[in-house]
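A.B. asks: A single structure is presented below for examination.
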Amino acid sequence: AKAERRGSCRAFEASMDEAAQEKNQLEQDFRVAISGGELEVHYQPLVNLSTGEVECYEALLRWNHPRRGLVPPDVFVPLAEEMGAIDQIGRFVLFEACKEAAGWPEHIKIAVNVSPLQFRNGKLLSTVINALSTSGLSAERLELEITEAVLMEKGPRTAAIIRNLRAFGIGISLDDFGTGYSSLSYLLNYPFTKIKIDKAFILNLHREANSRAVIRAVIGLGKSLGLTVAAEGIEREFERDYLRDEGCTQGQGYLFGKPGHARTLAISGAGTA
Ligand code: C2E
Ligand code: CA
Ligand code: CA
Ligand code: CA
């Protein structure tokens, strides 16, 4: 039995080894990806729930790995954060998305996700302003999506950066709303322009009275604070109808369109493709 245990222990160590090697390999591959054009930005529409018109696109990163195929951002964004490469990635998405959106009709905005770590070195504001001036996109057409994790970063700097971005005219969205902790005080203390209700609530809308209660409360709260309220993960018509009837402003989800390459978007009047 002892030998057996030693054996399984060795097997465990071997598999730990394999996992470490695998991760190492992925890190190496990712360095290549950053410099080698394997990263792509895809775009998913946010539509006005009353009119059905596209008002915004969210930029979503994709990694086209030569052997593994599409690696999801849930895997490589944390990897980039760990490797200290998130600033570089974040800059890439910002410049790419602003350049693309500059060719769209004026009324369509672009939303870009920002990692909490991008707030750490104090360069976010200058990077964003640089992306705007390089692309010629006006600040009013850019929205940055942040999560509560950003607001948990202690110190006054984060708050100051967010206020400066907002003062420039940039929109600030609170993403994944409802999944964290003290959102209510955050809502009052930061200059948000939009709340995005997390897709977990939409997924459970049909069978959970609690999810519907949260959705209704968030919509009411957002409205009374004068914010746009968006819901993500809308896949079915009754979800859209429910959210629209409750007064939710914008919807995002497979029902309206999956994330796609810029050239596949049917944007009327778009300049670039
Ligand atoms: P997120 O910001 O909450 O983005 C929404 C996710 O929901 C996206 O996953 C989108 O493809 C997916 N989604 C949209 N509609 C539906 C639907 O109807 N049903 C379902 N089941 N899913 C839907 P994606 O593209 O895999 O991105 C995952 C996460 O990775 C994002 O979550 C975001 O946190 C992160 N991410 C993506 N791009 C970037 C980026 O450029 N920078 C940073 N820092 N994070 C990013
Ligand atoms: Ca987002
Ligand atoms: Ca989200
Ligand atoms: Ca999310």
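The values are calculated or read from the model by the stated rules, or taken from the named source; none is laboratory data. Quick caveat, the model's predicted, so the values are computed rather than measured. Backbone-built Cβ (ideal geometry, glycine too); neighbour counts: all protein chains shown.
A.B. asks: Among the listed residues Arg31, Arg67, identify the single one that is of a type in the set (Lys, Arg) and without any contact (Cβ under 8 Å) to a residue 40 or more places away in the chain. First the steps, then the outcome.
C.D. replies: Details: Arg31 fails: without any contact (Cβ under 8 Å) to a residue 40 or more places away in the chain.
From the options Arg31, Arg67, the qualifying one is Arg67.
A.B. asks: Which pairs have Cβ atoms under 9 Å, sit 6 or more apart or on different chains, and link a residue in the range 189-202 that is among the small types (Gly, Ala, Ser) to one that is within 10 Å of ligand 1 (Cβ to nearest atom) and modelled with pLDDT of 95 or more?
C.D. replies: Here the result reads Ala200/Gly233, each pair linking the range 189-202 to a residue that is within 10 Å of ligand 1 (Cβ to nearest atom) and modelled with pLDDT of 95 or more.
A.B. asks: State the number of residues belonging to the range 216-244 that are more than 16 Å from ligand 4 (Cβ to nearest atom) and outside any helix (DSSP H, G or I).
C.D. replies: Qualifying residue count for the region: 6.
A.B. asks: Starting from residues that are among the β-branched types (Val, Ile, Thr) and outside any strand (DSSP E or B), keep the ones in the range 169-215 and report whichever is nearest to ligand 3 (Cβ to nearest atom).
C.D. replies: Thr179
A.B. asks: Right, another one. What helices (runs of 4 or more DSSP H), lying completely within the range 62-136, carry at least 3 residues that are away from ligand 2 (no atom under 16 Å from the Cβ) and among the aromatic types (Phe, Trp, Tyr)?
C.D. replies: Correct list: empty, since no element meets the threshold.
A.B. asks: Yes or no: the range 146-158 includes at least one residue that is acidic (Asp, Glu), surrounded by fewer than 19 Cβ atoms within 10 Å (Cβ to Cβ) and over 21 Å from Gln44 (Cβ atoms). Don't jump to the end; show me each part of the working.
C.D. replies: Step one: of the range 146-158, the residues acidic (Asp, Glu) are 148, 153.
Add one more test, that the residue is surrounded by fewer than 19 Cβ atoms within 10 Å (Cβ to Cβ), and what stays is 148, 153.
Subset that is over 21 Å from Gln44 (Cβ atoms): 148, 153.
There is at least one residue in the range 146-158 that is acidic (Asp, Glu), surrounded by fewer than 19 Cβ atoms within 10 Å (Cβ to Cβ) and over 21 Å from Gln44 (Cβ atoms).
A.B. asks: Moving on to the next point. Could you give me the residue pairs with C-beta distances under 6 Å whose first residue belongs to the range 110-124 and is closer than 26 Å to Glu55 by Cα, whose second residue is among the hydroxyl-bearing types (Ser, Thr, Tyr) and away from ligand 4 (no atom under 16 Å from the Cβ) wherever it lies, and which are 6+ apart or on separate chains?
C.D. replies: Filtered contacts from the range 110-124: Ile110/Tyr57.
A.B. asks: Go through (1) touching a Leu at 6+ places or on another chain (Cβ under 6 Å); (2) touching a residue at least 12 places away in the same chain (Cβ under 8 Å); (3) not charged (D, E, K, R) for Leu205 and report which single condition fails.
C.D. replies: (1)
Table: residues versus (1) within 16 Å of ligand 1 (Cβ to nearest atom); (2) charged (D, E, K, R); (3) closer than 22 Å to Glu81 by Cβ.
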site: Asn121; (1), (2), (3): yes, no, yes
site: Thr127; (1), (2), (3): yes, no, yes
site: Leu137; (1), (2), (3): no, no, no
site: Met152; (1), (2), (3): yes, no, yes
site: Arg157; (1), (2), (3): no, yes, yes
site: Gly169; (1), (2), (3): no, no, no
site: Tyr181; (1), (2), (3): no, no, yes
site: Ser211; (1), (2), (3): yes, no, no
